[in-house]
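Participant: The following block contains the structure, expressed as structure tokens.
A short reminder: the numbers here are calculations on the coordinates, not readings from a lab. Since this is a predicted model, take the numbers as computed values, not measurements. Methodologically, a virtual Cβ is constructed for each residue, glycine included, from the backbone with ideal geometry; neighbour enumeration extends over all protein chains shown.
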Amino acid sequence: KASACCLLPAPTAAAHATLQVTGVVGRAVSLGVDVPPGFQVREAIWRYLTPAEELVATYFRGSTETLYQSRFYGRSRLHGNLTLEICQVELGDSGSFSALLVNTRGQTERRLLHLAVYEVVSQLTLQVFTSESGRHDSARACEVFLTCVAASGTNVTYSWGRTDSEALSVDKHSLFKAGQVLWAKLDPSDGQVSYTCTAANAVSQNSATITPWDHCQREAGADDARYDYKNILLIVVPLSVLLLAMAVFG
Ligand SMILES: *[C@@H]1O[C@H](CO)[C@@H](O)[C@H](O)[C@H]1NC(C)=O
Ligand SMILES: *[C@@H]1O[C@H](CO)[C@@H](O)[C@H](O)[C@H]1NC(C)=O
């Protein structure tokens, strides 16, 4: 038996890239490890690394344990195949995990995973605000601000398209507030054109469509349109964008 100590093969040092895992707030997420062929796992240790290292789950000769004082206490489960399952994922669970595997010969394998948690993009609210020049000039051209707001959702990016599939020409369109506000100058020939706002993140996507020209017609001469327009700039658009918009309209 003593001579077996001298015959241990060199530790495997194969580099494994960090595995990226995506979670959704309120749902469960599974963090799996790939065990190399022939690697007979005797022990496994799951740790959460950010901000401070915490022991989350262990496996030893077939039995699992998750009753450790970690942020996942009471909502984690380690399966026999070494997959760590976290129930009811929270935004704050985003971070790095490591899994240390030890085989029956004492060799180790380490796996790194990064969990990114997102909240689903909820239904969108699209609003149209006509500009003052648009109201006075609605028979010819109409300038509008379209705002697109998702009630909830994290790391959301906004994009816009026209239903006539034409590109948004730069001379007639501007984006503000990271794409959440679109300014458009419409001609009467755009009367039927609708604009679609798409809000997306890594786990979900939502779209809403509106035909802004209808609002140009309806709000022409309406006393409350101007009030609404100023309101949206003050509430939705930050001051810097307000100043920019005032510059645009002279
Ligand atoms: C591990 O086991 C769990 C529970 O049986 C299962 O849901 C999961 O798909 C398994 N994962 C892998 C990678 O086999
Ligand atoms: C999501 O947004 C948060 C807060 O702004 C940021 O810390 C995080 O890095 C973002 N995640 C991704 C994957 O972009």
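Participant: Determine the dipole magnitude for segment 64-116: charges of +1 sit on the beta-carbon of Lys and Arg, -1 on that of Asp and Glu, nothing else is charged, the reference point is the Cα centre, and the result goes in debye to the nearest 20.
Facilitator: In debye, rounded to 20, segment 64-116 gives about 140.
Participant: Let me know the shape class of segment 75-174, please: from the alpha-carbon gyration tensor, a ≥ b ≥ c as square roots of the eigenvalues, rounded when a/c is under 1.5, otherwise prolate if a/b is greater than b/c, or oblate.
Facilitator: prolate
Participant: In the neighborhood of L182, defined by Cβ-to-Cβ distances under 15 Å, what is the net charge if each Lys or Arg adds +1 and each Asp or Glu adds -1?
Facilitator: 0
Participant: On to the next question. Could you sort 140-150, 31-41 so that the peptide with the highest average Cβ count within 10 Å comes first and the rest follow in order?
Facilitator: Going by the mean number of other Cβ atoms within 10 Å, highest first, we get 140-150, 31-41.
Participant: For segment 111-124, take each phi angle, set θ = phi - 60°, evaluate the Karplus expression 6.51 cos²θ - 1.76 cosθ + 1.60, and give the result in whole Hz per residue in order, putting x for glycine and proline.
Facilitator: Taking θ as phi minus 60°, the curve returns 10, 10, 10, 10, 9, 10, 9, 10, 9, 5, 6, 8, 4, 9 Hz for segment 111-124.
Participant: Add +1 for every Lys or Arg and -1 for every Asp or Glu among the other residues with Cβ under 11 Å from the Cβ of V33, and state the total.
Facilitator: 0
Participant: Return the distance in nm (one decimal) between the two label points of a simple spin-label model at L55 and R140, each offset 7 Å from Cα along Cα→Cβ.
Facilitator: Simple spin-label model gives 7.8 nm for this pair.
Participant: Can I ask one more? Can you compute 3J(HN,Hα) from phi for each residue in segment 64-81, using the Karplus curve 6.51 cos²θ - 1.76 cosθ + 1.60 with θ = phi - 60°, rounded to whole Hz and x for Gly and Pro?
Facilitator: Ordered by residue, 3J(HN,Hα) equals 10, 9, 10, 7, 10, 7, 10, 5, 9, 4, x, 9, 10, 9, 9, 7, x, 8 Hz.
Participant: Moving on to the next point. Given H placed on each backbone N at 1.01 Å, which residues far from L19 in sequence or on other chains put an amide H within less than 5 Å of it?
Facilitator: Under 5 Å from the amide H of L19 lie the amide H atoms of L112, L113, H114, each far enough along the sequence or on another chain.
Participant: Let me ask something else about it. What FRET efficiency comes out for the pair T108/S204, r = Cβ-Cβ distance, R0 = 45 Å, nearest 0.05?
Facilitator: The calculated FRET efficiency here is 0.75.
Participant: Please list 3J(HN,Hα) in residue order for segment 141-156, calculated via the Karplus relation 6.51 cos²θ - 1.76 cosθ + 1.60 where θ = phi - 60°; whole Hz, with x for glycine and proline.
Facilitator: Result, ordered by residue: 10, 9, 9, 10, 10, 10, 10, 10, 10, 9, 4, 8, x, 10, 6, 8 Hz.
Participant: Separation between the L91 and T196 pseudo-spin-labels, each 7 Å from Cα along Cα→Cβ, expressed in nm?
Facilitator: Reported label-point gap for L91 and T196 is 2.8 nm.
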